[in-house]
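Input: a single structure, listed below in structure tokens.
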Amino acid sequence: MPAPEPAGPASGPRRRFRWVWRGLVFLILVGLVFILGSINVPFLEPDEPSEVILLYVFSTVVFLAFIIYGLVLTRYLARLYTEHRARQLGSKFKTKMVVGALALSLLPVIALFFLSYALVNRTLAKWFPRPLEIVRDDAVYIVEYLLRQHEDRARELARSLAENPDLQHQLASRNAAGLQQTLVRVAERRKLHWAAVVDTAGQPLAVHRHAGARGDFLHKLPELLEPRDAVAYTTSEKVSDSHFSLARVRVESARGVPLGAVVVAQPLSATLLAKVAEIESESQAYEAITQERKSYRWQALLILLLITILILLAGTWSALTLAKQVTVPIQALAIATEEVSRGNFDYRVNCPAQDELGTLVASFNQMTAQLGESRRRLEQAVRELDQRRQWMEAILESIPTGVVTLSPDLRILNANTGAEQFLASARGDARLEERLDPDTAAACAELISQAAHAGFAARPMDFRLSHRIAHVAVSVSALRHGGQSEGYVLVLDDLTDLLKAQKAAAWQEVAQRIAHEIKNPLTPIQLSADRIRRYLERDREADPVERGRYRDLIAQCASLIAQEVHGLKALVDEFSRFARFPRVQPVPTQLNQVVESTLALYRDSANGIRLRSELAVNLPVIPADPDLLRRVLINLIENATEAVARAVTKEIVVRTRHLPRQRCVELTVSDTGPGISPENKERLFLPFFSTKASGMGLGLAIVSRIVAEHHGRISIEDNTPTGASFRVELPTETPATA
Ligand code: ADP
């Protein structure tokens with residue numbers, strides 16, 4: 001299966017570059033925000049239009065960046081939410097990181113926000129102190145008060161003029177010349193700047209102008225006379241760069257009939273006027289700045305908010321980035337683990353990971369590679385094992401030897417074709433005893449229990465098959481693992497044909513030897529008989545002296561015949577003794593006693609041979625025939641004595657030993673003679689095999705027969721450093737017969 005599309009090596013640096021780029025933009029933005037937030041930057045008090053544009057551009061950039069970053073963060077958070085909903089691996093960790101980063105940054109950031117806001121407020125308060133405001137308000141009030149005072153004075157002057165009886169009288173009579181005189185007089189006296197008397201229709205009847213007076217107020221008359229109901233009306237006017245208080249008062253007759261009005265214009269002092277103008281302009285400027293204070297506060301608040309949000313954004317972002325650095329490799333590892341658990345050992349994690357996670361990813365890949373390699377090797381080994389098993393099975397099936405595998409409770413697990421002929425057919429996994437006749441089953445059980453102790457046991461047995469009796473060499477090997485029995489392997493070797501052939505060969509050899517042994521004396525007998533016949537023929541014609549010689553010769557021939565016949569008779573006797581072999585009568589026998597009583601016979605023989613015994617203590621009593629055992633021992637010692645006769649070291653050792661695992665006792669007779677050649681070892685136990693001129697070759701055949709009758713085994717080993725060692729094993733219990 002191909003690995004999923006990884007972030008290839010080429011995308012790694014590109015991605016890193018992207019992050020560096022993003023980080024730089026962010027840093028620049030944070031810097032801008034700080035610059036804008038710092039109080040001493042002249043941009044905040046832009047005077048020039050270019051500065052205003054610059055501030056506008058900066059604010060826009062910051063705002064746009066804020067919007068973009070806000071959108072990016074929202075996208076991240078939305079994605080995190082969907083991942084969380086989908087229970088995607090690593091989303092919990094990411095959420096925790098983000099929540100943790102927010103929780104960590106939120107408290108100090110909010111505290112900082114309020115602190116900074118308080119500081120800004122304080123700075124603004126220092127810029128716009130309360131007393132200055134009071135002074136400004138007072139100054140404005142004083143200026144207004146002064147203006148009002150001046151207006152009041154103008155009105156008072158107008159009123160005093162309107163209450164002049166002469167003026168009232170002249171107005172009532174519409175005496176214009178009189179009116180002019182009275183007006184000038186009073187105006188001169190009162191130092192009026194400009195004064196006029198108008199009739200009820202608003203037409204000026206008399207006008208006074210102080211010498212050097214500026215401004216003509218006649219055109220203002222309609223405006224001043226407008227509020228007709230009002231008895232008096234005052235106002236301030238700026239005329240020809242001078243400030244004037246204008247007052248109009250109604251002139252009434254004694255009976256209260258309106259006769260007309262008096263209008264007075266009085267100028268304010270130039271110095272006062274300048275001061276008032278200064279105070280007013282300063283007040284207006286201050287008012288404008290005070291208006292800006294609110295916008296300063298808002299601006300500071302916004303910048304602080306922006307900083308706060310940017311810090312939160314940065315915290316969240318860095319948390320997400322950090323979490324991503326952890327979760328992405330972990331996610332990749334989890335997917336890889338799943339793949340590996342499914343058996344895909346070719347899967348590799350290609351995700352970029354840093355630090356310890358990088359090591360983890362590398363180690364994981366290495367581990368998977370090793371696992372894959374191990375599995376390949378394992379599969380190879382399994383294949384080879386399977387091939388070997390099939391090979392073994394084929395071999396087992398092709399050999400005639402029967403091989404049966406048994407469970408520890410003697411259930412047949414497997415039997416090859418060779419074994420089938422010895423086992424009765426059965427359904428399912430039968431037990432061994434169910435597939436054998438009772439006697440064979442008992443003998444096999446006996447052998448298996450021996451093997452259970454000794455690890456291996458073997459015995460020849462007769463299997464009663466449907467149409468014949470098979471002589472089978474049965475061997476049992478116990479299967480053990482870690483001290484636990486895992487069953488047995490039963491090997492059944494049909495020796496019937498082999499034994500038949502061996503028997504035939506043995507009989508052939510025996511017949512040859514007997515023929516040879518009989519033929520040897522027959523020739524001298526034949527020759528002697530011929531010579532006797534010839535002597536008897538000559539005897540008839542011979543003289544008495546010669547006759548006597550012939551008789552002696554005949555007597556010699558006769559005695560030779562008698563001697564050879566005696567030899568033949570001895571041979572026949574030995575043979576018939578071998579044939580008339582007595583039956584074994586086992587009684588509980590202590591082997592050591594048999595050995596000691598036999599060795600006692602040789603104690604006094606002075607033939608220079610050292611005969612010693614090494615007998616095991618606590619040797620168990622065995623079922624055996626002591627007389628026959630003695631015969632075995634004598635035979636072996638005799639052979640050993642003859643073997644060491646011409647040796648330099650003449651030593652014979654008889655040993656006994658208990659072999660509890662094999663459930664038998666062991667008797668060995670070792671000598672320091674010339675030993676036995678390998679080809680002779682094979683034929684040693686055959687009747688009439690002998691290397692000696694006078695030997696009958698029946699000794700070891702009889703020994704072997706006696707041992708076999710005792711259900712024991714005899715074997716020959718080489719003695720160290722020289723000589724032969726005959727080993728006889730005799731069972732400690734009478735085995736079941738099969
Ligand atoms: P015999 O002693 O009559 O020859 P045996 O059956 O007793 O018959 O012995 C057969 C042959 O085995 C002997 O001829 C001899 O060659 C050989 N043999 C037996 N015992 C020994 C021994 N201890 N060392 C060497 N050869 C031996």
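List of remarks:
- Filter result for R549 (open to solvent by 80 Å² or more (accessible area, probe 1.4 Å), of a type in the set (D, E, K, R) and touching a residue at least 24 places away in the same chain (Cβ under 8 Å)): no
- Scope segment 694-728; condition open to solvent by 30 Å² or more (accessible area, probe 1.4 Å) and closer than 20 Å to F578 by Cβ; matching residues: S694, M696, S704, R705, A708, E709, I714
- Flag if A195 is in contact (Cβ under 8 Å) with a residue 60 or more places away in the chain and either farther than 20 Å from E156 by Cα or out of contact with any Leu (no Cβ under 9 Å at 6 or more places or on another chain) (or both): no
- Selection from segment 516-545 of residues that are under 25 Å from M696 (Cα atoms), open to solvent by 50 Å² or more (accessible area, probe 1.4 Å) and without any contact (Cβ under 8 Å) to a residue 60 or more places away in the chain: H516, I518, K519, N520, L522, T523, Q526, L527
Conditions (1) under 60 Å from the mean Cα position of the chain (by Cα); (2) among the basic types (K, R); (3) modelled with pLDDT under 80; (4) not in a helix (DSSP H, G or I), marked per residue:
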position	(1), (2), (3), (4)
A78	yes, no, no, no
E83	yes, no, no, no
R87	yes, yes, yes, yes
K96	yes, yes, no, no
V120	yes, no, yes, no
A125	no, no, yes, no
P131	no, no, yes, no
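- E574 in contact (Cβ under 8 Å) with a residue 24 or more places away in the chain, on the phi < 0 side of the Ramachandran plot and not assigned by TED's automatic domain parsing to the domain that holds R655: yes
- Qualifying residues in segment 640-653 (those that are in a helix (DSSP H, G or I) and aliphatic (A, V, I, L, M)) - the one farthest from the ligand (Cβ to nearest atom): V644
- When residues of segment 470-486 are limited to those that are of a type in the set (G, A, S) and more than 26 Å from R713 (Cα to Cα), the one surrounded by the most Cβ atoms within 10 Å (Cβ to Cβ): S485
- Scan of segment 596-622 for residues that are among the β-branched types (V, I, T) and farther than 23 Å from R661 by Cα, ordered by number: T598, I609
- In the set R603, R583, R531, R551, only one residue is assigned to a helix (DSSP H, G or I) and out of contact with any helix residue (DSSP H, G or I) (no Cβ under 6 Å at 6 or more places or on another chain); that residue is R551.
- Here E709 does not fit the description of being modelled with pLDDT under 85, more than 8 Å from the ligand (Cβ to nearest atom) and not assigned by TED's automatic domain parsing to the domain that holds A457.
- Subset of segment 441-469 [crowded, with 19+ Cβ neighbours inside 10 Å and among the basic types (K, R)]: R459
- Selection of segment 440-474 for residues being free of Cβ contacts under 8 Å to residues at least 60 places away in the same chain, of a type in the set (S, T, N, Q) and within 17 Å of C664 (Cα to Cα) yields only S449.
- A419 under 48 Å from the mean Cα position of the chain (by Cα) and either crowded, with 16+ Cβ neighbours inside 10 Å or among the β-branched types (V, I, T) (or both): no
- The number of residues in segment 75-103 that are exposed (fewer than 12 other Cβ atoms within 10 Å of the Cβ) and more than 20 Å from I311 (Cα to Cα) comes to 4.
- When residues in segment 341-382 are screened for being farther than 20 Å from T327 by Cα and part of a helix (DSSP H, G or I), 18 of them pass.
- Criterion applied to D386, D409, D346, D355 was being of a type in the set (D, E) and either touching a Cys at 6+ places or on another chain (Cβ under 6 Å) or in the same structural domain as S477 (by TED's automatic domain parsing) (or both), and the one residue passing it is D409.
- Residues in segment 688-704 that are more than 8 Å from the ligand (Cβ to nearest atom) and part of a loop (DSSP other than H, G, I, E, B): F688, A693.
- Residue match in segment 654-674 (condition: in a helix (DSSP H, G or I) and either modelled with pLDDT of 90 or more or within 14 Å of the ligand (Cβ to nearest atom) (or both)): no
- Selection status of E682, more than 9 Å from the ligand (Cβ to nearest atom) and either in contact with a Ser or Thr (Cβ under 6 Å, 6 or more places away or on another chain) or farther than 22 Å from F456 by Cβ (or both): yes
- Residue list for segment 254-308, restricted to those being loosely packed, with under 15 Cβ neighbours inside 10 Å and within 30 Å of R174 (Cβ to Cβ): A254, R255, G256, V257, P258
- Qualifying residue in segment 626-639 (condition: in a loop (DSSP other than H, G, I, E, B), open to solvent by 30 Å² or more (accessible area, probe 1.4 Å) and either in contact with a Ser or Thr (Cβ under 8 Å, 6 or more places away or on another chain) or within 8 Å of the ligand (Cβ to nearest atom) (or both)): no
- Segment 173-247 holds strands (runs of 3 or more DSSP E) entirely within its bounds, and those carrying 3 or more residues that are modelled with pLDDT under 85 map to 232-239.
- For segment 216-244, the set of residues classified as within 17 Å of A162 (Cα to Cα), in contact with a Leu (Cβ under 7 Å, 6 or more places away or on another chain) and open to solvent by less than 30 Å² (accessible area, probe 1.4 Å) consists of L224 only.
- Consider segment 49-73 and keep the residues that are within 30 Å of V99 (Cβ to Cβ) and open to solvent by 80 Å² or more (accessible area, probe 1.4 Å). The one that is modelled with the highest pLDDT is L71.
The values are calculated or read from the model by the stated rules, or taken from the named source; none is laboratory data. A quick note: this is a predicted structure, and the numbers were derived from the prediction, not measured. Using ideal geometry, Cβ is built from the backbone for each residue, glycine included, and neighbour counts are taken over all protein chains shown. Accessible surface areas use protein heavy atoms only, side chains included; no ligands, DNA or RNA. Shrake-Rupley method; radii C 1.70, N 1.55, O 1.52, S 1.80 Å.
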